[in-house]
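Inspection log for the structure reproduced underneath, given as structure tokens.
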Amino acid sequence: MKLNQQILFLLTLLGTLPLLHAATPSRSSARKSSPPAETTPALERKEIRDVWADRARLESSASTPAGRHLLWYTRPAKVWEEALPIGNGALGAMMFGGVADERLQLNVDTLWDGYPLDPNNPESAKALPEIRRLLFDGKNQEAVDLAGKTMMGRPPRIKSYQTLGELWLETPHLQNIQHYSRTLNLDEAWTSVSYAHDGVTCTREAFATAVDRVIVLRFTADKPGQVSFRAILKRERDAQCGPAPADPRSILLTGRIDRKDDAGRQRGMKFAAQLTALNDGGKVSNDEGILTVTGANSVTLLIAGDTSYPGLKNFTGSVETIDPAARCAETIAKASAKSFAVLKEKHIADYQQLAHRVSLDLRPAPAAAAALPTDERIALIKQTGVPDPGLVENYFQFGRYLLISSSRPGSMPANLQGIWAWKLENPWNADFHININLQMNYWPAETTALPECHLPLFDLMDAIVKPGERSAQTLYGARGWVVHHLTDAWGFTAPADGPWGIWPVGAAWLALHPWQHYQFTGDRDFLRQRGWPLMKGAARFILDFLVEAPAGTPAAGKLVTNPSHSPENSFRLPNGQTQLFTYGAAMDLEIIHELLGACVETARVLDCDPDFRAECQRALERLAPVQISRRTGGIQEWIEDYEEVEPQHRHVSHLFGVYPGGMFSLATPELFDAARKSLVRRGDGATGWSLGWKINLWARLHDGDHAFKLVTNLLRDKTLPNLFDTHPPFQIDGNFGAVSGLTEMLLQSHVRTPDGGYEIHLLPALPSAWPQGSVKGLRARGGVTVDLGWQNNKLTQVRLLSKDPVKTRVRYADTTRDLTLSPNRPLVFDDSLAPR
């Protein structure tokens, strides 16, 4: 290709890049929720079927792909939010499905801007007593001003997770396209594009294999010699593409983030991506980094990506010693030794070993609805008033697919966008946000039988213990480890962004996750070796951080957090000032109650640390209680009964004790009722991730129809055409939160029994919209696998299986049964919980 042709080709590619968002809102912006709209009565079931049938007739010219759990479309993606995600935990891509011009937007999980540093302000510990005094004295603004000067991180913000780049494929010779279809198969984790042109049917398949650590893209046609295209790897800045060394079938993108420290030294991370073409017939040529395939029968493209990130266990190490291009070449060489059929077979087997543990059937789904493209099924909710059951099933399995695809053993944990982010500066930096979002990413890990996908979160926690210990000592003069409302790949643990970032209970919340992993798996070795050190360190900080509220304050003589706030909400003082900085916010107290209780239980289970166990128990007994607001009758969000500035705020932090905690239940009826009033007051509209949280809350309150209403709102108003959740913009936590909520509607196990076991509550929040169905493979605490079915909104059968001996109690409606499960011996019951 001549130089002017190359320039024209590149300009063509660059010119087609769509602008996705003109502006990105701040993560902490107080985006007001709209008041909930009047509920529109759902159409009668017969009318819904008629709408679906009419719509199906309009789409009858489109060919419905074979398979049950599919996302499919009749046109390519126009913008990023319509593209389809694939991933293997470390490497991800968004597939646009274009014909004349195809685009794969690429990500690798470790590609972060920034570098390790010590952001802790040494003035903090000196100022802390005065900040506490000001808050206890009601001088909130003076406390905010002092904290802003002495406690914020230096720098006060982190850098962003970044895109790796893009693969562009140009096939301008294709004309007269017919029978186009774009699909994501959730049963086998691959995407495909098929179309016909001039009597030739062409197919592209793509998947990201965790087995071989590459993205595989396969081109085929039903006639020989019909596969031709040009390919280039590109990135907006900090990179260049050229031929790969000693491999004419490969091109290589290499680069380094341009990031210098205060001394002017280059500290940015290096990265690379390699594309290799394996052709059957035809010709492959490489002209200065543009790969051209001509007249092939089929072509398999292999894509590898890597960085110089030294790893979570050594992120203070040098990025200079790692060659990502060499790593890519090694990965490609190993994958190239396998045929496409072998690569795909091993990929599917690896994926299904995780994905097929759980099945959900909400039959009957209208056949006409199932025949519609996915974006049409989402749009149809505005007409029918409800999502069709098959769409809910797909949404559930899509969420599990996303977790498997973005969080695998050895990878980074899923960030605010999983691993899929197209910018160099992404919304809220696509960081690890710890005041709800990172935790929400892992809510479905245990309940939907993906405990392995939980492990990257524990790797991140292990990695930030040391910097968290420095922050605890420097900022608070405390033992243990702390992290505030966010962190990144470099172990940032200081307060960030603004006063709302001075929230020192992030580690306490995170430390509940290894405890939950033990609750569901019964893995005592994990609890002893990994879980307990994380929990004990976080609790040790809390024990040092808690202070006794002085006389004259509402919590006088009780232990409270100070400073504190209720993420990311604000209140109005009697003098009219709007504030968010306070002490002893309800969420803090609820998280600490859960953590200290879990530490007491863990020390008992492991028969260790009796003195620390006693210290935790004493602190629990002195902890300030959660209050009920006299103004609203709901849970009091702050230490005093302040007026809410935004009653329908997106965060429902003060209801942590309902979910994900278990502090409020039918055993605490006054608090349980107050939580319901608070949730009603928050309304049924919110950001996508907030709706995901509220689904869990309504399920825990045993109101299945209200939970289903929010499922409907989420799918109708906060779901993008590719089923991604939107804040807006896209945040993946809403997908994971909603999957957890759907699970909580069918099975709960957080209530303790008198003998220390767990109560397995069957169909605690089954909505009337699902009159019959079944679910298999859900997990309950105690390590119990649960299969159940129902007809006419009533339980018909349940099957329980455990690998260990377990004492448990099973509840359905008002009926309970205490039993002991023997290892690997299933027990089957009917609707009266009588054994079969």
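Looking at Asp755, Asp705, Asp787, which one is closer than 23 Å to Asp361 by Cβ, open to solvent by 20 Å² or more (accessible area, probe 1.4 Å) and either of a type in the set (A, V, I, L, M, F, W, C) or in contact (Cβ under 8 Å) with a residue 40 or more places away in the chain (or both)?
On the way: Asp755 fails: closer than 23 Å to Asp361 by Cβ; Asp787 fails: either of a type in the set (A, V, I, L, M, F, W, C) or in contact (Cβ under 8 Å) with a residue 40 or more places away in the chain (or both).
That would be Asp705, the only listed residue that is closer than 23 Å to Asp361 by Cβ, open to solvent by 20 Å² or more (accessible area, probe 1.4 Å) and either of a type in the set (A, V, I, L, M, F, W, C) or in contact (Cβ under 8 Å) with a residue 40 or more places away in the chain (or both).
Considering only residues that are out of contact with any Lys or Arg (no Cβ under 8 Å at 6 or more places or on another chain), of a type in the set (A, V, I, L, M, F, W, C) and at pLDDT 95 or above, which ones fall in segment 202-226?
Those that are out of contact with any Lys or Arg (no Cβ under 8 Å at 6 or more places or on another chain), of a type in the set (A, V, I, L, M, F, W, C) and at pLDDT 95 or above: Ala208, Val214, Ile215, Ala221.
Which ones in segment 719-752 are of a type in the set (Ser, Thr, Tyr) and open to solvent by 10 Å² or more (accessible area, probe 1.4 Å)? If you could, list the steps in order and put the result at the bottom.
Taking segment 719-752 as the starting set, the residues that turn out to be of a type in the set (Ser, Thr, Tyr) are 719, 726, 740, 743, 749.
Within segment 719-752, Thr719, Thr726 qualify.
Filter segment 412-459 down to residues that are part of a helix (DSSP H, G or I) and acidic (Asp, Glu), then give me how many there are. Don't jump to the end; show me each part of the working.
Quick first cut of segment 412-459, residues part of a helix (DSSP H, G or I) only: 427-430, 437-441, 443-447, 451-459.
Cutting the leftovers down to acidic (Asp, Glu) gives us 446, 452, 459.
Adding up the residues that qualify gives 3.
Give just the number: which of (1) open to solvent by 20 Å² or more (accessible area, probe 1.4 Å); (2) in a loop (DSSP other than H, G, I, E, B); (3) over 18 Å from Pro389 (Cβ atoms) does His761 not satisfy?
Checking His761 against (1) open to solvent by 20 Å² or more (accessible area, probe 1.4 Å); (2) in a loop (DSSP other than H, G, I, E, B); (3) over 18 Å from Pro389 (Cβ atoms), the one that fails is (2).
Quick one: Arg528 ticks every box in (1) over 23 Å from the mean Cα position of the chain (by Cα); (2) within 26 Å of Val600 (Cα to Cα); (3) surrounded by 21 or more Cβ atoms within 10 Å (Cβ to Cβ); (4) not polar (S, T, N, Q) bar one, so which box is it?
Unmet condition: (3).
So, in segment 638-665, of the ones that are without any contact (Cβ under 8 Å) to a residue 60 or more places away in the chain and surrounded by fewer than 22 Cβ atoms within 10 Å (Cβ to Cβ), which residue ends up farthest from Lys718 (Cα to Cα)?
Kept after step one, since they are without any contact (Cβ under 8 Å) to a residue 60 or more places away in the chain, are these residues of segment 638-665: 641, 647, 652, 655, 658, 664.
Pick out the ones that are also surrounded by fewer than 22 Cβ atoms within 10 Å (Cβ to Cβ) and you get 641, 647.
On the way: Asp641: 32, Pro647: 20 Å.
Here the answer is Asp641.
What tally of residues in segment 794-836 results from selecting those that are touching a Pro at 6+ places or on another chain (Cβ under 7 Å), in a strand (DSSP E or B) and touching a residue at least 40 places away in the same chain (Cβ under 8 Å)?
Residues that pass the stated criteria total 1.
With segment 246-361 as the region, which strands (runs of 3 or more DSSP E) entirely inside it contain at least 2 residues that are under 30 Å from Pro155 (Cα atoms)? Steps first, answer last, please.
Working: elements: 250-256, 270-280, 283-287, 290-296, 298-307, 359-361.
Because the criterion is at least 2 residues that are under 30 Å from Pro155 (Cα atoms), the strands (runs of 3 or more DSSP E) in segment 246-361 that meet it are 250-256, 270-280, 298-307.
Matching residues to (1) closer than 18 Å to Val108 by Cβ; (2) among the β-branched types (Val, Ile, Thr):
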residue: Thr163; (1), (2): yes, yes
residue: Glu166; (1), (2): yes, no
residue: Leu184; (1), (2): no, no
residue: Glu188; (1), (2): no, no
residue: Val200; (1), (2): no, yes
residue: Phe219; (1), (2): no, no
residue: Arg230; (1), (2): no, no
residue: Arg235; (1), (2): yes, no
residue: Pro245; (1), (2): no, no
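Counting only residues that are of a type in the set (Gly, Ala, Ser) and under 12 Å from Trp515 (Cβ atoms), which one in segment 584-602 is most open to solvent (accessible area, probe 1.4 Å)? Write out each step before concluding.
Going through segment 584-602, the residues of a type in the set (Gly, Ala, Ser) turn out to be 584-586, 597-598.
Among the residues that remain, those that are also under 12 Å from Trp515 (Cβ atoms) are: 597-598.
Details: Gly597: 28, Ala598: 5 Å².
Here the answer is Gly597.
Checking Ala614 against (1) assigned to a helix (DSSP H, G or I); (2) surrounded by fewer than 18 Cβ atoms within 10 Å (Cβ to Cβ); (3) in contact with a helix residue (DSSP H, G or I) (Cβ under 7 Å, 6 or more places away or on another chain); (4) of a type outside the set (D, E, K, R), which single condition isn't satisfied?
(3)
Can you tell me which of Gly289, Gly268 is among the small types (Gly, Ala, Ser) and at pLDDT below 95? Before the answer, list the steps.
On the way: Gly268 fails: at pLDDT below 95.
Of Gly289, Gly268, the one residue that is among the small types (Gly, Ala, Ser) and at pLDDT below 95 is Gly289.
Hey, among the residues in segment 278-291 that are touching a residue at least 60 places away in the same chain (Cβ under 8 Å) and open to solvent by less than 20 Å² (accessible area, probe 1.4 Å), which one's farthest from Lys334 (Cα to Cα)?
Ile290
Read through the list (1) open to solvent by less than 50 Å² (accessible area, probe 1.4 Å); (2) polar (S, T, N, Q); (3) closer than 20 Å to Thr74 by Cα, then give the number of the only condition that Gln162 fails.
(3)
Of the residues in segment 615-637, how many are free of Cβ contacts under 8 Å to residues at least 12 places away in the same chain and either within 19 Å of Ala508 (Cβ to Cβ) or of a type in the set (Val, Ile, Thr) (or both)? Reasoning before the result, please.
Keep residues of segment 615-637 that are free of Cβ contacts under 8 Å to residues at least 12 places away in the same chain, which gives 618, 621, 630.
If we keep only those that are either within 19 Å of Ala508 (Cβ to Cβ) or of a type in the set (Val, Ile, Thr) (or both) too, we end up with 618, 621.
Within segment 615-637, residues that are free of Cβ contacts under 8 Å to residues at least 12 places away in the same chain and either within 19 Å of Ala508 (Cβ to Cβ) or of a type in the set (Val, Ile, Thr) (or both) number 2.
List pairs: first residue in segment 719-742 and among the small types (Gly, Ala, Ser), second residue surrounded by fewer than 23 Cβ atoms within 10 Å (Cβ to Cβ) anywhere in the structure, Cβ distance under 9 angstrom, at least six positions apart or on different chains.
Gly734/Thr687; Gly734/Thr726; Gly734/His727; Ala738/Leu715
For segment 658-675, give me the residue count where each residue is within 26 Å of the chain's Cα centre (by Cα) and closer than 16 Å to Gln627 by Cβ.
Residues meeting the conditions: 4.
Could you look through segment 460-513, keep only residues that are among the basic types (Lys, Arg) and part of a helix (DSSP H, G or I), and pick out the one that is nearest to Phe581 (Cα to Cα)?
Here is the first cut: in segment 460-513, the residues among the basic types (Lys, Arg) are 466, 470, 479.
In the following step, the residues that additionally are part of a helix (DSSP H, G or I) were identified as 466, 470.
Working: Lys466: 27, Arg470: 24 Å.
Here the answer is Arg470.
Give Gly552, Gly557, Gly576 a once-over and let me know the one that is in a loop (DSSP other than H, G, I, E, B), open to solvent by 10 Å² or more (accessible area, probe 1.4 Å) and touching a strand residue (DSSP E or B) at 6+ places or on another chain (Cβ under 8 Å).
Values: Gly552 fails: touching a strand residue (DSSP E or B) at 6+ places or on another chain (Cβ under 8 Å); Gly576 fails: touching a strand residue (DSSP E or B) at 6+ places or on another chain (Cβ under 8 Å).
Of Gly552, Gly557, Gly576, the one residue that is in a loop (DSSP other than H, G, I, E, B), open to solvent by 10 Å² or more (accessible area, probe 1.4 Å) and touching a strand residue (DSSP E or B) at 6+ places or on another chain (Cβ under 8 Å) is Gly557.
Please go through segment 796-816 and give me each residue that is surrounded by 13 or more Cβ atoms within 10 Å (Cβ to Cβ), modelled with pLDDT under 95 and charged (D, E, K, R), ordered by number.
Lys803, Asp804, Lys807
With respect to Asp525, determine if the residue is touching a residue at least 24 places away in the same chain (Cβ under 8 Å) and acidic (Asp, Glu). Please lay out each step first, then the result.
On the way: touching a residue at least 24 places away in the same chain (Cβ under 8 Å): no; acidic (Asp, Glu): yes.
Taking the combined requirement at face value, the residue does not satisfy it.
May I ask you to say which residue of Thr294, Thr331, Thr321 is β-branched (Val, Ile, Thr) and open to solvent by less than 30 Å² (accessible area, probe 1.4 Å)?
On the way: Thr294 fails: open to solvent by less than 30 Å² (accessible area, probe 1.4 Å); Thr321 fails: open to solvent by less than 30 Å² (accessible area, probe 1.4 Å).
Matching residue, one of Thr294, Thr331, Thr321: Thr331.
Would you be able to say whether some residue in segment 342-358 is open to solvent by 30 Å² or more (accessible area, probe 1.4 Å) and at pLDDT below 95? Outline the logic, then answer.
Restricting attention to segment 342-358, the residues satisfying the condition of being open to solvent by 30 Å² or more (accessible area, probe 1.4 Å) are 342, 344-346, 349-350, 352-353, 356-357.
When the remaining residues are screened for being at pLDDT below 95, the result is none.
No; the residues of segment 342-358 include none that is open to solvent by 30 Å² or more (accessible area, probe 1.4 Å) and at pLDDT below 95.
Please go through segment 375-391 and give me each residue that is open to solvent by less than 30 Å² (accessible area, probe 1.4 Å), assigned to a helix (DSSP H, G or I) and not hydrophobic (A, V, I, L, M, F, W, C), ordered by number.
Once the filter is applied, which keeps residues that are open to solvent by less than 30 Å² (accessible area, probe 1.4 Å), assigned to a helix (DSSP H, G or I) and not hydrophobic (A, V, I, L, M, F, W, C), segment 375-391 yields Arg377, Thr384, Pro389, Gly390.
Is it the case that segment 213-220 has a residue that's open to solvent by 30 Å² or more (accessible area, probe 1.4 Å), part of a loop (DSSP other than H, G, I, E, B) and either in contact with an Asp or Glu (Cβ under 7 Å, 6 or more places away or on another chain) or under 25 Å from Gly89 (Cβ atoms) (or both)? Please lay out each step first, then the result.
Of the residues in segment 213-220, the ones open to solvent by 30 Å² or more (accessible area, probe 1.4 Å) are 213, 218, 220.
Among the residues that remain, those that are also part of a loop (DSSP other than H, G, I, E, B) are: 213.
So of that shortlist, the ones also either in contact with an Asp or Glu (Cβ under 7 Å, 6 or more places away or on another chain) or under 25 Å from Gly89 (Cβ atoms) (or both) come out as 213.
For segment 213-220, residues open to solvent by 30 Å² or more (accessible area, probe 1.4 Å), part of a loop (DSSP other than H, G, I, E, B) and either in contact with an Asp or Glu (Cβ under 7 Å, 6 or more places away or on another chain) or under 25 Å from Gly89 (Cβ atoms) (or both): present.
Scan segment 250-277 residue by residue and report those that are over 33 Å from the mean Cα position of the chain (by Cα) and surrounded by fewer than 21 Cβ atoms within 10 Å (Cβ to Cβ).
Listed by number, the residues that qualify are Asp262, Ala263, Gly264, Arg265.
The values are calculated or read from the model by the stated rules, or taken from the named source; none is laboratory data. The structure displayed is predicted, hence computed values, not measured ones. Heads up, the Cβs are rebuilt from the backbone with ideal geometry, glycines too, and the neighbour counts pull from every protein chain shown. With ligands, DNA and RNA removed, areas are computed over all heavy atoms of the protein, side chains included. Shrake-Rupley method; radii C 1.70, N 1.55, O 1.52, S 1.80 Å.
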